[in-house]
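Please read the structure below before turning to the comments.
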Amino acid sequence: MGFSNMVFFPILFLLCSIFSIQSTAQTPSLGFRCSNTTSTATCNSLIDYKLPNTTTLASILRLFEIKNLRSLLAANNLPITTPQTQTFPASQILKIPFPCACRDGSGISNRRPIYTVVPDDGLFHIAAEVFSNLVTYPQIQSVNNISDPNTILVGQKLWIPLPCSCDEVNGDTVVHYGYLVPAGSTVSGIAEQFSTTESTLLNLNGMNSSANLLADSILDVPLKVCTSSVQNNSSDYPLLVPNGTYVFTANSCVRCQCNAANNWILDCKPSGIKLPRGQTCPSMQCVGTAFDLGNTTSDSNCSLSRCSYAGYINGTIETTLTQESTCPSSPGGNNNTPSGNGSNGLRSSFIVGVLLIAFHLLK
């Protein structure tokens, strides 16, 4: 073997190794971490979308395949009267609601949105400009099994894998939110804004330090949800509503809103929406009372009674009378959790009453 061949083969081997490494390194990671062990685990998620240009709500509905305008309005706490023709300027950020699915340790949008390729499209353009870097082009390439990223066809349908998760966080059920990090943000500041901790955000997002936070990146933020009385056999269980959002449920007959200022208690009332084809909403009165859904009354003992939404079961709207304390909270405590049936609030009141009676009998 000549000297030239002795040099050529090692170089060829080295080049092959380099290309092999590059090919392996280009395998994209997908979604947020989702270790939910249920193979069919699904949930609802939110993600920030920075508008690439002046856009109408109707265009956003089509792009993200959101079936109902009310879902988009509710996620952004916009008035229910906002029309589809409402325009928003470029760089405006809107929250996009979408279904999430957990598979193989990660969570991505559950087979939607589906984007249809138009003339002059490329994967990079679709990822970076149409979807504002919510995903990367190798991620789109991966989930759609595209061998050559430079070859896509007009009319081709592409699944856009938005990042999400269905995991509990620190033992709590949450809504995972893909938060677009503004320039100048800190992990501690974001944690305070969304009622979580810096260590939780670092752990969820696989960051060793807050110094790893990048502007314009999508951060997995677990949103605390309001306490509800929805039964586990209800068609909308679990009804997870984060602060500053609302949902329509029970065939659009009920509107439930979460407001942290309301002590994180889900506030549900009749929606007032006119149903199609002459349909009417079921009764929303608490059994054995004159209360309708959402009505409250208080007494001089720091006690508030609320007719709360308990679920939508076989076409019936279930309600329950819950008790809340309006007394000032003790340091580190929360006296405003709905008591519902057999809750700690009612048990505490009962125990205090028994102790008072025993005290008087012993005098």
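Near V254, the amide H atoms lying under 5 Å from its own belong to T249, S271; only residues 5 or more places off or on other chains count, and H is placed 1.01 Å from N. Remark: spin-label model distance L304-S35 equals 3.8 nm, labels positioned 7 Å along the Cα→Cβ axis. Residue exposure proxy: E318, E324, ordered by other Cβ atoms within 10 angstrom of their Cβ from fewest to most, comes out as E318, E324.
When the alpha-carbon atoms of the range 142-193 are used, the pair Rg, Dmax equals 17.6, 46 angstrom. Shown for R70, R62: other C-beta atoms within 10 Å of each C-beta, ranked fewest to most, produce the order R62, R70. Pairs of alpha carbons in the range 213-328 separated by more than 21 Å make up 43% of all such pairs.
In this structure, the amide hydrogen of L162, modeled 1.01 Å from its nitrogen in the peptide plane, lies closer than 5 angstrom to those of S109, counting only residues at least 5 positions away or on a different chain. Taking amide H atoms as placed 1.01 Å from N in the peptide plane, the amide H of I265 lies under 5 Å from those of T227, N259, each 5 or more residues away in sequence or on another chain. Within the same chain, aspartates and glutamates fewer than 8 places from K269 are excluded, and of the rest, those with a Cα less than 14 Å from its Cα are D292, E318. Packing around the peptides 128-136, 244-252, taken as the average count of other Cβ atoms within 10 Å per residue, puts them in this order, highest first: 244-252, 128-136.
Within the range 295-313, name every residue whose backbone N is under 13 Å away from a label modeled 7 Å from Cα of C327 along the Cβ vector. Only 300-304 pass the distance filter. Here each label is just a point 7 Å from Cα along the line to Cβ, and for I93 and Y237 those points are 3.6 nm apart.
A short reminder: the numbers here are calculations on the coordinates, not readings from a lab. Bear in mind that the values here come from a model prediction, so they are computed numbers and not experimental data. Note: ideal-geometry Cβ built from the backbone for every residue, glycine included; neighbour counts use all protein chains shown.
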